[in-house]
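J.: Before I ask anything, here is the structure I am working with.
The values are calculated or read from the model by the stated rules, or taken from the named source; none is laboratory data. None of the values given here were measured: they were computed from a predicted structure. Heads up, the Cβs are rebuilt from the backbone with ideal geometry, glycines too, and the neighbour counts pull from every protein chain shown.
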Amino acid sequence: MKILSLSLKNFRNLNEIEISPCGETNVICGENAQGKTNIIEGIWLFTGAKSFRTNKDSDFLRFGSQKAVMNLKFLSEGVENEAEITITDKRRVVLNQNKLSSPSLMAGKFNAVIFSPTDLKLVSDGPAVRRRFLDTAIGQIFPNYINLLKDYTRAVAQRNKVIKDFKYDSTLSIMLDVFEGEIANLGEKITKYRQKYIEMLNEFLPTIHSGISAGKETLETKYIYSFSGDFLSELKNSRQEDMYTGVTSIGPHRDDIDFKINGISARKFGSQGQKRSVALAVKLAEAEVINKNVGEWPVILLDDVMSELDVTRQNYILNHIKGMQSFITCCDDQNVKGLQMGKKFVINNGCVL
């Protein structure tokens with residue numbers, strides 16, 4: 001997977017830019033608030049996933065603009081493709097002159113791995129961050145998973161509404177049976193996908209983490225379920241408690257990932273450096289999984305993370321992503337001085353100089 005050209009117009013603070021990156025490392029330099037992350041975000045949206053910064057499409061529009069337009073030309077399996085995203089009140093996508101009914105249909109067409117400062121908190125933050133990582137990563141390899149997740153989320157929302165009203169109308173138990181059956185059916189499929197992905201991740205994760213820690217630490221990664229037996233039975237048994245809270249207390253939307261370093265919880269007892277090493281290893285392993293399943297490397301997006309890593313981890317990243325096309329943002333290009341080859345873009349006030 002290689003980007004041939006990218007143009008962004010009226011996207012965030014970017015007036016109109018166009019870049020033709022090289023096939024390996026591309027460094028985007030500039031002071032804070034000049035538009036570096038906006039370029040990374042623009043590229044990421046072509047994966048079909050949500051932004052790693054906002055859930056509102058209106059946030060993408062440059063101040064005073066009614067429309068933003070983004071164009072991407074990229075190689076996939078040796079074939080040149082062209083995609084366009086137009087943003088007004090929502091995103092509209094055209095791929096190779098074909099209008100897509102949803103931006104999520106770009107999943108699997110253009111693959112990328114994003115590593116931002118938020119991802120450094122993958123281990124230390126709450127379970128929602130780790131579930132989002134799983135769902136986004138799985139969606140790039142198995143696009144059908146996205147609709148499965150949407151249907152599950154809708155079923156859970158419907159159950160939540162019913163359990164809030166149940167104490168006023170006991171006849172709603174029939175609706176609860178329907179929604180719980182749907183939740184259990186969809187939930188079991190989701191957990192199978194997630195468990196499968198963890199297994200694929202674990203093909204690469206321990207080795208990569210060992211490399212980052214210079215062989216001093218071993219990493220174990222497991223999927224943690226919020227229920228222990230039959231999902232449907234436990235879901236029905238949780239009705240009474242859920243009526244008090246107004247939410248569905250078990251299911252894939254409550255599951256988690258557990259990272260253990262040398263048998264000890266990284267989230268509870270790991271140092272800041274250890275947690276960052278795990279997060280870094282997870283992201284690099286994600287690229288390996290995409291390559292194995294899709295047959296080509298994804299585009300690597302490193303947004304302002306180099307300055308937060310020590311020299312050892314910086315060099316590990318740079319060495320590990322050789323051969324992949326990457327985009328690295330930084331304020332100080334000394335953070336990527338280990339680069340032997342690549343191209344540099346300087347951005348100032350939303351313009352590439």
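J.: Restricting the search to segment 35-76, which residues are more than 17 Å from LEU6 (Cβ to Cβ) and among the charged types (D, E, K, R)?
T.: Within segment 35-76, LYS50, ARG53, LYS56, ASP57, ASP59, LYS67 meet the criteria.
J.: Still on this model: Can you pull out the residues in segment 263-285 that are in a helix (DSSP H, G or I) and on the phi > 0 side of the Ramachandran plot?
T.: Of everything in segment 263-285, nothing turns out to be in a helix (DSSP H, G or I) and on the phi > 0 side of the Ramachandran plot.
J.: Take the residues in segment 190-212 that are more than 26 Å from PRO143 (Cβ to Cβ) and crowded, with 19+ Cβ neighbours inside 10 Å, then tell me which one is modelled with the lowest pLDDT.
T.: ILE212
J.: Evaluate segment 76-86: report whether one residue or more is of a type outside the set (Lys, Arg), closer than 20 Å to ASN147 by Cβ, without any contact (Cβ under 8 Å) to a residue 12 or more places away in the chain and not assigned by TED's automatic domain parsing to the domain that holds GLN140.
T.: No, segment 76-86 contains no residue that is of a type outside the set (Lys, Arg), closer than 20 Å to ASN147 by Cβ, without any contact (Cβ under 8 Å) to a residue 12 or more places away in the chain and not assigned by TED's automatic domain parsing to the domain that holds GLN140.
J.: Now, a different point. Pairs under 9 Å by beta carbon, first residue in the same structural domain as LYS236 (by TED's automatic domain parsing) and among the small types (Gly, Ala, Ser) in segment 179-199, partner crowded, with 22+ Cβ neighbours inside 10 Å and not in a helix (DSSP H, G or I), six or more apart or different chains?
T.: ALA184/GLY251; GLY187/GLY251
J.: May I pose another question? Yes or no: segment 255-266 includes at least one residue that is under 15 Å from LEU120 (Cβ atoms) and under 22 Å from the mean Cα position of the chain (by Cα).
T.: Checked against the condition, which is being under 15 Å from LEU120 (Cβ atoms) and under 22 Å from the mean Cα position of the chain (by Cα), segment 255-266 yields at least one hit.
J.: Additional query: Take the residues of segment 8-60 that are small (Gly, Ala, Ser) and either in contact with a helix residue (DSSP H, G or I) (Cβ under 7 Å, 6 or more places away or on another chain) or assigned by TED's automatic domain parsing to the domain that holds LEU149 (or both): which is surrounded by the fewest Cβ atoms within 10 Å (Cβ to Cβ)?
T.: If we take residues in segment 8-60 being small (Gly, Ala, Ser) and either in contact with a helix residue (DSSP H, G or I) (Cβ under 7 Å, 6 or more places away or on another chain) or assigned by TED's automatic domain parsing to the domain that holds LEU149 (or both), then SER51 is surrounded by the fewest Cβ atoms within 10 Å (Cβ to Cβ).
J.: Checking the conditions here, which among PHE63, PHE74 is more than 16 Å from the chain's Cα centre (by Cα) and either hydroxyl-bearing (Ser, Thr, Tyr) or at pLDDT 95 or above (or both)?
T.: PHE74
J.: Could you check segment 119-166 and list, in sequence order, the residues that are more than 12 Å from the chain's Cα centre (by Cα) and of a type in the set (Asp, Glu)?
T.: Across segment 119-166, the qualifying residues are ASP125, ASP151, ASP165.
J.: What helices (runs of 4 or more DSSP H) lie completely within segment 205-262 and have 3 or more residues being under 25 Å from LEU284 (Cα atoms)?
T.: Fully inside segment 205-262 and qualifying: 205-212.
Let's see how each residue does on (1) loosely packed, with under 15 Cβ neighbours inside 10 Å; (2) more than 29 Å from THR207 (Cα to Cα); (3) at pLDDT below 95; (4) within 22 Å of the chain's Cα centre (by Cα):
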position	(1), (2), (3), (4)
GLY229	yes, yes, yes, no
ASP242	no, yes, yes, no
ILE250	no, yes, no, no
GLY270	no, no, yes, no
